[in-house]
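These notes concern the structure reproduced below.
We did not get these values from a lab; they are worked out from the coordinates using the rules stated. As the structure is a computational prediction, the values presented were derived from the model and not from experiment. Here Cβ is always computed from backbone atoms with ideal geometry, including for glycine, and neighbour counts include all displayed protein chains.
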Amino acid sequence: MVIENSKKFSNPVFPFTAIVGQEEMKLALQLNVIDPKIGGVMIMGDRGTGKSTTIRAIADLLPNIEVVKDDPFNSHKSDLDLMSNEVKDAVQNNEPIKTEFVKIPMVDLPLGATEDRVCGTIDIEKALTEGIKAFEPGLLAKANRGILYVDEVNLLDDHLVDILLDSAASGWNTVEREGISIRHPARFVLVGSGNPEEGELRPQLLDRFGMHAEIRTVKDPQLRVKVVEERTSFDQTPEIWLETYEEKQQELRNKIIAAQKLLPQVELDYNLRIKISEVCSNLDVDGLRGDIVTNRAAKAYAAYNGQTKVTVEDISQIITLCLRHRLRKDPLESIDSGNKVLKVFKEIFEIED
């Protein structure tokens, strides 16, 4: 009975399938959910364009996950990379493990967050007097196996951005205080958003986001009216909206789950990989992160469409998202809209306009 009441009073989330436009952002989020190793997505765009709404909607769309009950890290019951040390010890000692199904964690990182709030803290006094590792988990622990959303990431302290990106890349968070070290799983999809008018991220940090989606304010007056009317209607009668879109939501949910299962079987031919690297080389992309992310995203896109072989068309749909933010060498330069990437892509893959 308590569960029913809590559902009744929970805040309804705008359906992902009802969001009009912003295709780049929606595609980037879905691909990162299919393969979190893509490395997250940076969403840059004007204020009031539905960035937060879309990110909350993708988290709400995803199926529930099975976690170890009362575990602060959302530990998996059998995957060692997604398991806290306590759960590992319990598994090794053949202790019974209780699990429950919960919504995918969606964690908001507030702009004024401290390092302790993000990473967690160790109670040194308790550790010294009682000889036990007393750890207070932070936001990275809560975000394990979920989505970590940082609004206005371009205004966040560079040191914190570094910590987030390191955890997102490695899947682990390590906290060290006074010679005491605690390590726990922190595998999440990192989503950053910001307004370019408030400043860009440094190129070195930007490069570590797997994808970069641009969103713009809708200009068409009729479409703007439609968006406003739909949002107003949803706020007035959310139950009717959720019921209307439930079938579409379930279809997309099934499509994403099928893509996650199909992903390990997807192949990317050697000659296509060579051409992807040729594009990166011609664009003077530093390092190999661009090559790796483009390969991963192309496979995820193929899986999303139910294919086991990546095509040139698949690559064309994702390459701009993967490379546009890696071209900027000077922090004062603006990010390429994608025209440069597409131009080189068409030349290398010999595609005529």
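Laid out as a table, the results:
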read-out	value
Added length on full extension, which subtracts the Cα-Cα distance from 0.36 nm per residue, S78 to R177	32.7 nm
Two-decimal ratio, the chain, of alpha-carbon radius of gyration to 2.2 N^0.38 Å	1.05
Charge context of N74, other residues only, Cβ under 9 angstrom, K/R +1, D/E -1	+1
Approximate spin-label separation K88-V102, in nm, with each point projected 7 Å along Cα-to-Cβ	2.0
Proximal aspartates and glutamates to K88, defined as alpha-carbon separation beneath 13 angstrom and excluding residues fewer than eight positions away on the same chain	D71, D79
Table column - 3J(HN,Hα) (Hz), the range 308-320, Karplus curve with 6.51, -1.76, 1.60, x for Gly and Pro	9, 9, 6, 10, 4, 4, 4, 5, 5, 6, 10, 5, 5
Estimated FRET transfer efficiency (T217, N271; beta-carbon r; R0 45 Å; 0.05)	0.65
Listed residue pairs exceeding 31 Å between alpha carbons, taken from K255/K275; K103/K275; K142/K275	K103/K275; K142/K275
For the chain, built as a Gaussian network whose Cα springs stay under 10 Å, the top-fluctuating residue of L31, L160, L109	L160
GNM result for the chain, Cα springs below 10 Å: residue of R187, R117, R145 fluctuating most strongly	R117
For the range 235-309 and the range 74-102, distance of Cα centres in Å	29
Relative contact order %, the chain, counting alpha carbon pairs below 8 Å whose residues are six or more apart	21
Beta bridge orientation in the chain: antiparallel %, DSSP, nearest 5	40
Helix-only CD estimate at 222 nm, as mean residue ellipticity for the chain, using -39500 (n - 2.57) per DSSP H run (n ≥ 4)	-14000 deg cm²/dmol
Cβ charges +1 (Lys, Arg) and -1 (Asp, Glu), total dipole of the chain, debye	620
Surface/4 estimate of mean projected area, convex hull on alpha-carbon atoms of the range 238-353, nm²	9.9
Helix axis angle, 289-304 relative to the chain longest principal axis, alpha carbon, degrees	90
Pair S233, D70: separation of 7 Å Cα→Cβ label points (nm)	4.7
Cα gyration tensor shape of the range 24-144, rounded if a/c is under 1.5, else prolate or oblate by comparing a/b with b/c	oblate
Gaussian network model of the chain, springs between alpha carbon atoms under 10 Å - residue of E86, E136, E66 with greatest fluctuation	E86
